[in-house]
Amino acid sequence: MQHRGSEPTVTTRSERHHALRDIVASGRVTTQAGLADRLRAAGFPCTQASVSRDVRELGLLKRGGAYAVPEEEGAAVLGADQLATTIAPFLRSAAVVVDHLLVVHTLTGTANSVGVYMDQTGWPGLVGTVAGDDTIIAVVADAAAGRAAAARLEAIRETAR
């Protein structure tokens, strides 16, 4: 709920998304905590988890260490092959660490973009990802799915060489 005066009003996700885009477009914000602080200052209650979800849903990218709105809003969605080409230079390594976990290392500031790519392309056996600044933890159905995902990421990385 957003409070104006003494009467609470409900904010919709689309209102929060619109505010988040405005915040990102209006200034350099380098962390999700910074985004959350700015959203709260604008009257939108939020948690780090909701901001993380919003960043993913909006497809926000990090450019030069700061969050940015994708350039061509409303443009045709890129295909998986085009997206793979885009993320290829970001990838450093991927390895299964236990049966259900894959650790992916990326360039600083690009893990979120790679995580969004992994989540949105519907890889078999990929349950979900959690992205930091340069590391992604991917939960997979089993070790075979983890090995397949690591091999797929390595193949994508090779296209950047």
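The values are calculated or read from the model by the stated rules, or taken from the named source; none is laboratory data. Treat the numbers as computed from the prediction; the structure is a model and nothing was measured. Ideal geometry is used to build each Cβ from the backbone, glycine not excepted, and the neighbour counts take in all protein chains shown.
Reported count of residues in segment 97-118, each being assigned to a helix (DSSP H, G or I) and either touching a strand residue (DSSP E or B) at 6+ places or on another chain (Cβ under 8 Å) or in contact (Cβ under 8 Å) with a residue 60 or more places away in the chain (or both), is 7. If L60 meets every condition in (1) surrounded by 15 or more Cβ atoms within 10 Å (Cβ to Cβ); (2) at pLDDT 85 or above apart from one, which number is that one? L60 satisfies all of (1) surrounded by 15 or more Cβ atoms within 10 Å (Cβ to Cβ); (2) at pLDDT 85 or above except (2). Screening segment 117-130 for residues that are surrounded by 15 or more Cβ atoms within 10 Å (Cβ to Cβ) and either touching an Asp or Glu at 6+ places or on another chain (Cβ under 9 Å) or of a type in the set (D, E) (or both) and picking the one that is farthest from P89 (Cα to Cα) gives G125.
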